[in-house]
1. Charges on Cβ only, +1 for Lys and Arg, -1 for Asp and Glu, centred on the Cα centroid of the stretch 110-177; of F172, P148, A137, which one is farthest towards the dipole's positive end?
2. Express in nm, to one decimal, how much length is gained between E125 and Q64 on full extension, taking 0.36 nm for each residue of separation and deducting their alpha carbon distance.
3. Quick one: length gained pulling K104 to L79 fully straight, 0.36 nm per residue minus the C-alpha distance?
4. Using helices alone, I'd like the mean residue ellipticity at 222 nm for the chain: each DSSP H run of four-plus residues gives -39500 (n - 2.57), total over residue count, nearest 500.
5. With θ set to phi - 60° and the Karplus curve 6.51 cos²θ - 1.76 cosθ + 1.60, what are the ³J(HN,Hα) couplings of the stretch 163-178 in order, to the nearest whole Hz, using x for Gly and Pro?
6. Tell me, what ³J(HN,Hα) does each residue in the stretch 139-145 have, in order and in whole Hz, if you take phi through Karplus 6.51 cos²θ - 1.76 cosθ + 1.60 with θ = phi - 60° and put x for Gly and Pro?
7. Past 19 Å, Cα to Cα, is the threshold; run K97/K139; K88/K127; K104/K152; K83/K155; K99/K139; K97/K152 against it and keep the listed order.
8. Here are a few candidate values for P(r) over Cα pairs in 10 Å bins from 0, in percent: [x] 10, 39, 37, 12, 2, 0; [y] 10, 39, 33, 15, 3, 0; [z] 7, 17, 11, 7, 7, 6, 6, 6, 5, 5, 5, 4, 4, 4, 3, 2, 0. Which one was actually calculated from the structure I just gave you?
Amino acid sequence: MPKSGINLIPGEEKASFEVIILAKKFKTYALFSLIVFLIVILGYFIAFFRMNSHLKSLSQKISQAEAKINSYKSLESDLVLVKDRLVKIKKIFSTQKRKIEALKKIKEVSPPEIVFRSIESSSKELKISVTSSDLGAIKRFTERISNPEFEKIFKKIEISAVSRVEEGNYGFNLGCFF
């Protein structure tokens, strides 16, 4: 049997041509809006993942920079320590140089009969143990060491009592204070 088309919708309720065109336009607009929305969402996802990877690389750079800063701080503390030690070494050398110059000056004024048996050095004092077989040489030495020239080098010079230390030798201690 042949099929016949039966229209069950009454004529006044049929969609008009304008409504169909409007529905097609609305469908096209909705499809376009959906495509734009999906492109924007895709753009946000791409931007999110790029920013996330950029944030990770920046975080790595920050941790590397912090490590470098810490190494510089360590290096700086080492340099400060070296500087402090150099200042102390310079101070010691200048003190030692001053003591050596003072000893040379003492040796220059001492008669040939004077023998230095021992020399002790501390930060502010120079102790010299002196012996001689000639009391006259000791007298000349003490007179020369009492010279105002030595007052510029030493704050104070002390000479202990002369005593007989060995057969025929006399000795005393000389204390020179800086």
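Any read-out appearing in this document is the output of simple, stated calculations on the displayed coordinates, not a laboratory observation. This one's a predicted model, so the numbers in the text were calculated from it and none came from an experiment. Here the Cβ is made from the backbone with ideal geometry for all residues, glycine too, and neighbour counts use every protein chain on show.
1. Result: P148.
2. Gain in length upon complete extension: 16.6 nm.
3. Between K104 and L79, full extension yields 5.4 nm more.
4. Numbers: 3 runs with 110 residues, N = 178.
The per-residue figure over the chain is -22500 deg cm²/dmol.
5. Working through the residues one at a time gives 9, 7, 9, 9, 4, x, 10, 10, x, 7, 10, 10, x, 10, 9, 8 Hz.
6. Result, ordered by residue: 4, 4, 5, 5, 5, 5, 6 Hz.
7. Values: K97/K139 28 Å; K88/K127 23 Å; K104/K152 15 Å; K83/K155 30 Å; K99/K139 23 Å; K97/K152 16 Å.
Cα-Cα > 19 Å for K97/K139; K88/K127; K83/K155; K99/K139; rest within.
8. For P(r) over Cα pairs in 10 Å bins from 0, in percent, the calculated option is [z].
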